[in-house]
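> Got a structure here, written out as structure tokens. Questions coming.
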Amino acid sequence: MCPICTSDFSVRSRRRHCRGCGKVVCNNCASNKAPLFYRKYQCARVCDVCYEKLYTDVTKMRDIDVHNSVYNMKDDIYGTVSECIGLTHDDLEMRFKKADTKRKVRHLPQRLKEVCANDAGSALSAYLHKRIKKNKWQRLWFVVKDKVLYAYKASEDVAALEATPLLGFEVKTMDTETYDGIDASLVFELLHHGRTMFTFHTDSTASRDRWVATIQEATKLV
């Protein structure tokens, strides 16, 4: 998922690395080009956030500021300092290229954007395997915070796929040797009014015990 527009990565919406901050974003959100200091002010693909910040920084620079920044450069794989001598503020500003792309804005419910996947205040977060159907499991990143279970495609995502309030749920472990081809000691279920709603498996019994304990605590009102 793109951290800027929250669109899912696909063949048509490919991953791109921003050369400014290094984040992985979608093609649309990284279609701009801007001169970068560490690249001897050569233009490179940057995300929307970096573009705006870099452009704002350059508009505040004077020619003397540009000359001083060149003075602090060193020859490296991106070129030699001599290539940048004589650069002016206007030269840098002209190198910015804002992409004119039409974008489809993905509207998500606010509750899915309240907690990001790597939220520091969560009770527990880790990858779990969620049962989709018989003999089919999907690996997702889950976060428990404020008595809600959030599911994400990856640990870097800024918006959840789904959010499930845990109040009223019951946690159940397996009493068989295997479940759907998985060691039953790694499996646990979430039930609501006696009906199985979700089934998960972890990679270790210790991890399963942590999840069971955390979710059991989250199902209580106080």
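The values are calculated or read from the model by the stated rules, or taken from the named source; none is laboratory data. It should be emphasised that the depicted structure is a prediction, and the values quoted were computed from it without experimental measurement. With ideal geometry, Cβ positions are generated from the backbone for all residues, glycine too; neighbour counts draw on all protein chains shown. For accessibility, only protein heavy atoms count, side chains too; no ligands or nucleic acids. Shrake-Rupley method; radii C 1.70, N 1.55, O 1.52, S 1.80 Å.
> In percent, how large is the relative contact order of the range 113-222, given Cα pairs closer than 8 Å and 6 or more residues apart?
24 percent.
> With runs of 4+ DSSP H residues as the only contributors, calculate the mean residue ellipticity of the chain at 222 nm using -39,500 (n - 2.57) per run, divided by the residue total and rounded to the nearest 500. Before the final figure, lay out each step's value.
Working: 4 runs with 41 residues, N = 222.
After summing the helix terms and dividing by residue count, I get -5500 deg cm²/dmol.
> Within 13 Å, Cβ to Cβ, of V81, how many net charges do the neighbouring residues add up to if Lys/Arg are +1 and Asp/Glu are -1?
0
> May I ask you to give the percent of accessible area on the range 177-222 that is carbon plus sulfur, with a probe radius of 1.4 Å?
Within the range 177-222, the accessible surface is 52 percent carbon and sulfur.
> Beyond 15 Å, how much of the Cα-Cα pair distribution for the range 124-222 remains, as a whole percent?
60 percent
> Where nothing but the Cβ of Lys and Arg (+1) and of Asp and Glu (-1) is charged, how large is the charge dipole of the range 126-201 around its Cα centre, in debye to the nearest 20?
Computed about the Cα centre, the dipole is about 260 debye.
> Compute a Gaussian network model of the chain, connecting alpha carbons closer than 10 Å, and tell me which residue from N28, N68, N118 fluctuates the most.
It is N68.
> Just how far, in whole angstrom, is the range 1-80 from the range 194-222 if you go by their alpha carbon centroids?
With the range 194-222 and the range 1-80 each reduced to a Cα centre, they are spaced 43 Å.
> Related question: Before I look further, what does the chain give for accessible area per residue, probe 1.4 Å, in whole square angstrom?
Counting only protein heavy atoms, the per-residue value for the chain is 60 Å².
> Viscosity 0.890 mPa s, temperature 25 °C: what is the translational diffusion coefficient of the range 37-83 from Stokes-Einstein with a Kirkwood Rh over Cα pairs, rounded to a whole number of µm²/s? Intermediate values should be presented prior to the final figure.
On the way: Rh = 11.8 Å.
D, rounded to a whole number, is 209 µm²/s.
> Could you give the dipole magnitude of the chain about its Cα centre, charging the beta-carbon of Lys and Arg +1 and that of Asp and Glu -1, in debye to the nearest 20?
Approximately 860 debye in magnitude.
> Using only protein heavy atoms and a 1.4 Å probe, report how much of H192 is accessible, in Å² to the nearest 10.
It works out to around 60 Å².
> Given a cut-off of under 8 Å on Cα pairs at least six residues apart, what relative contact order in percent is computed for the chain?
Details: 391 pairs, mean separation 31.1, N = 222.
Relative contact order of the chain: 14 percent.
> Sort L167, L54 by accessible area with a 1.4 Å probe, largest first.
Sorted by accessible area, descending: L167, L54.
> Tally Lys and Arg at +1 and Asp and Glu at -1 over the other residues with C-beta under 12 Å from the C-beta of F9: what net charge comes out?
+2
> Summing Lys, Arg as +1 and Asp, Glu as -1, what charge do residues with Cβ under 11 Å from the Cβ of K40 carry, K40 excluded? Walk me through the numbers before you get to the answer.
Numbers: positive: R39, K74; negative: D75, D76, E83.
Every neighbour counted, the sum reads -1.
> Using a Förster distance of 25 Å, how high is the FRET efficiency between K136 and T173, based on the Cβ-Cβ distance and rounded to 0.05?
On the way: r = 21 Å, r/R0 = 0.85.
After rounding to 0.05, the efficiency reads 0.75.
> Sort out the exposed loop GluC sites (Glu not before Pro) in the chain (DSSP loop, at most 15 other Cβ within 10 Å) and tell me the longest stretch that has none.
Here the longest segment lacking exposed loop sites spans 1-113.
> Please enumerate, by chain and number, the lysines with C-alpha under 30 Å from the C-alpha of K220, excluding those fewer than 8 residues away in the same chain.
Result set, ordered by chain and number: K113, K130, K133, K145, K147, K153, K172.
> A follow-up question, please. Over the range 1-92, what percent of the accessible surface lies on carbon and sulfur atoms, probe 1.4 Å? Present the calculation step by step, with values, prior to reporting the outcome.
Working: 2750 of 5450 Å².
Its accessible area is 50 percent carbon and sulfur atoms.
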